[in-house]
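Trainee: Have a look at the structure that comes next, please.
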Amino acid sequence: MRFAVLVEVSLREGIADPQGATIERALPALGFHGVSGVRVGKALRFEVEGADEATARAEVEEMCARFLTNPVIEDATISLRESASV
Amino acid sequence: MTVGVVLFPGSNCEHDVVEAVRLVGGEAEIVWHGDPKLGDVDAVVIPGGFAHGDYLRPGAIARFSPIMGAVADFAAAGGPVVGICNGFQVLTEAGLLPGALQKNRGLKFLCKTAELRVETTNSVLTAEASVGDVLRIPINHFEGNYTCPPETLAALQSEDRIVLRYLDNPNGSVDDIAGICNEGRNVVGLMPHPERATGDLLGSTDGLVLLRSVLAAAAAAPA
């Protein structure tokens, strides 16, 4: 089976996010008030082959732990869905 | 004493390090990242730059370069290893040093001279200096904001593993950290560039004592 994967990488809770803080400070100047908790991260999209969803997810988790994130400062949220057949 | 200077695609300070090592009387040779062996070297420097374009994260891809297995073995055997700037980032990603380097607090790329205080002489980078020495050494980075979990910071502090601190913290690093060492004190990472503080024409000669320390450690290290 093929799965479409979205990995959202974000800074771990408690790790300062200077980009998020700067964006948050800039928003009121543009007239957007009441925004808080801005955090900047990155998203990776790819497809992966796996026997089933659990297997594919386990493989993506290992990718995240070993390569796609730096666990010292980053967390990953993984979303998988079966790809439409090509 | 021969210092191996690791060259990744995207490194850009390797020749500066080679010149600086020669200036203090050492030999230096460039080692290609794709080579799985270090060859006959007595110390290793991972220089600054943008190894593998800093894609994904600084150091994230470099840590998987074939040479890094040899660097880890060399470090485990007690050999002196120094990571400068991007080299520091590579060493943290490779797990040879704790913590991580994230974007500077002010979100500015910093390129200026920083004043650093020598906090310990018990490291391969600072053995020839004196505690309390203030060194003027350039910094040149966007991701130099050292961070680590509280328990790691406590260990670095209690084990005297903070090697250099900024007098005027430029980037938001926790506890003003500019450089740290591993438990064995033979692996050091620092964001400032000692190789760029090696002559009056460069504005400072304060990097020389650090380079001399590395050579002395290379001479003393187990072969």
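Trainee: Size of the dipole of the stretch B:2-220 about the Cα centre, Lys and Arg at +1 and Asp and Glu at -1 on the beta carbon, nothing else charged, in debye to 20? Provide the component values of the computation, followed by the final result.
Mentor: Details: 15 positive and 26 negative charges, 101 e Å.
Around 480 debye, computed over the stretch B:2-220.
Trainee: Another question, if that's okay. Taking the stretch A:18-86, which chymotrypsin sites (Phe, Trp or Tyr not before Pro) meet the DSSP loop condition and have no more than 13 other C-beta atoms within 10 Å? Intermediate results must be reported in sequence, preceding the final value.
Mentor: Values: sites: A:Phe32, A:Phe46, A:Phe67; in loops: A:Phe32.
Those satisfying the criteria are A:Phe32.
Trainee: Report the Cα centroid-to-centroid distance between the stretch B:174-200 and the stretch A:40-72 in angstrom, as an integer.
Mentor: One Cα centre to the other: 34 Å.
Trainee: What's the whole-number percent of alpha carbon pairs in the stretch A:2-82 lying beyond 16 angstrom? The partial results should precede the final answer.
Mentor: Working: 1882 of 3240 pairs.
Everything past 16 Å amounts to 58 percent.
Trainee: Averaged across A:64-77, how many Cβ atoms of other chains sit within 10 Å of each residue's Cβ atom? Working shown, then result.
Mentor: Working: counts 0, 0, 2, 7, 3, 3, 12, 1, 12, 10, 3, 0, 0, 0.
Per residue, the average neighbour count from other chains is 4.
Trainee: If you wrap the protein assembly as shown's Cα atoms in a convex hull and average its projection over all directions, what's the area in nm²? Working shown, then result.
Mentor: Numbers: hull surface 75.2 nm².
For the protein assembly as shown, the mean projected area of the Cα convex hull comes to 18.8 nm².
Trainee: Calculate how steeply helix A:53-63 sits against the longest principal axis of the alpha-carbon atoms of chain A, using the helix alpha-carbon long axis, and give the answer as 0 to 90 degrees to the nearest 10.
Mentor: So the inclination is approximately 60 degrees.
Trainee: If the convex hull of the alpha-carbon atoms of the stretch B:13-75 is projected onto planes in all directions, what is the mean projected area in square nanometres? Let's see the in-between values first.
Mentor: Working: hull surface 17.1 nm².
Average of the hull's projected areas for the stretch B:13-75 equals 4.3 nm².
Trainee: Got a sec? Charge dipole of chain B, +1 on Cβ for Lys and Arg, -1 for Asp and Glu; which of B:Gln102, B:Val17, B:Val134 is way out at the positive end?
Mentor: Farthest along the dipole direction, towards plus: B:Gln102.
Trainee: Considering Cα pairs under 8 angstrom that are at least six residues apart, work out the relative contact order of chain A and quote it in whole percent. Each step should come with its number before you reach the end.
Mentor: On the way: 118 pairs, mean separation 43.4, N = 86.
That works out to 51 percent.
Trainee: If you take the charge dipole of the stretch B:2-220 about its Cα centre, with +1 on Lys and Arg Cβ and -1 on Asp and Glu Cβ, which of B:Ser158, B:Cys148, B:Gly179 is farthest toward its positive end?
Mentor: The Cα lying farthest towards the positive end belongs to B:Cys148.
Trainee: Net charge within 12 Å of A:Ile78 by Cβ-Cβ distance, Lys/Arg positive one each and Asp/Glu negative one each, not counting A:Ile78 itself?
Mentor: Here the count lands on -3.
Trainee: Taking the Cβ of B:Leu201 as the center, what net charge do the other residues with Cβ under 15 Å away carry, scoring Lys and Arg +1 and Asp and Glu -1?
Mentor: Working: positive: B:Arg136, B:Arg196; negative: B:Asp16, B:Glu19, B:Glu195, B:Asp200, B:Asp206.
Surrounding charge for B:Leu201 is -3.
Trainee: With each pseudo-label sitting 7 Å past Cα toward Cβ, what's the B:Asn169-A:Glu13 distance in nm, one decimal?
Mentor: About 2.3 nm, to one decimal.
Trainee: Work through the residues other than B:Leu167 whose Cβ is under 12 Å from its Cβ and net out their charges, Lys, Arg +1 and Asp, Glu -1. Each step should come with its number before you reach the end.
Mentor: On the way: positive: B:Arg117, B:Arg136, B:Arg165; negative: B:Glu115, B:Glu119, B:Asp133, B:Asp168, B:Asp176.
Summing Lys and Arg as +1 and Asp and Glu as -1 gives -2.
Trainee: A further question on this structure: Please report the equivalent ellipsoid semi-axes of chain B, computed as sqrt(5 x eigenvalue) of the Cα gyration tensor, largest first, in whole Å.
Mentor: Working: eigenvalues 96, 77, 62 Å².
Whole-Å semi-axes of the equivalent ellipsoid: 22, 20, 18.
Trainee: Using DSSP to define loop residues, name the chymotrypsin sites (Phe, Trp or Tyr not before Pro) in the stretch B:1-81 whose beta-carbon has at most 13 other beta-carbon atoms within 10 Å. Before the final figure, lay out each step's value.
Mentor: On the way: sites: B:Trp32, B:Phe50, B:Tyr55, B:Phe64, B:Phe74; in loops: B:Phe50, B:Tyr55.
Listed in order of number, the matching sites are B:Tyr55.
Trainee: Sticking with this one: Specify the inter-centroid distance of the stretch B:37-72 and the stretch A:1-29, based on alpha-carbon positions, in whole Å.
Mentor: Cα centroid of the stretch B:37-72 versus Cα centroid of the stretch A:1-29: 28 Å apart.
Trainee: Another question, if that's okay. Report the calculated FRET efficiency for B:Trp32 and A:Arg25 (r = Cβ-Cβ distance, R0 = 45 Å), to the nearest 0.05.
Mentor: Numbers: r = 45 Å, r/R0 = 1.00.
Approximately 0.50, to the nearest 0.05.
Trainee: Which one, B:Gly207, B:Gly59, B:Leu116, is farthest towards the positive end of the dipole of chain B when Lys and Arg carry +1 and Asp and Glu -1 on their Cβ?
Mentor: B:Gly59
Each reported figure results from applying straightforward, stated rules to the coordinates on display, with no laboratory input. Keep in mind it's a predicted model, so treat the numbers as computed, not measured. Cβ coordinates were reconstructed from backbone atoms using ideal geometry, including for glycine residues, and neighbour counts include every protein chain displayed.
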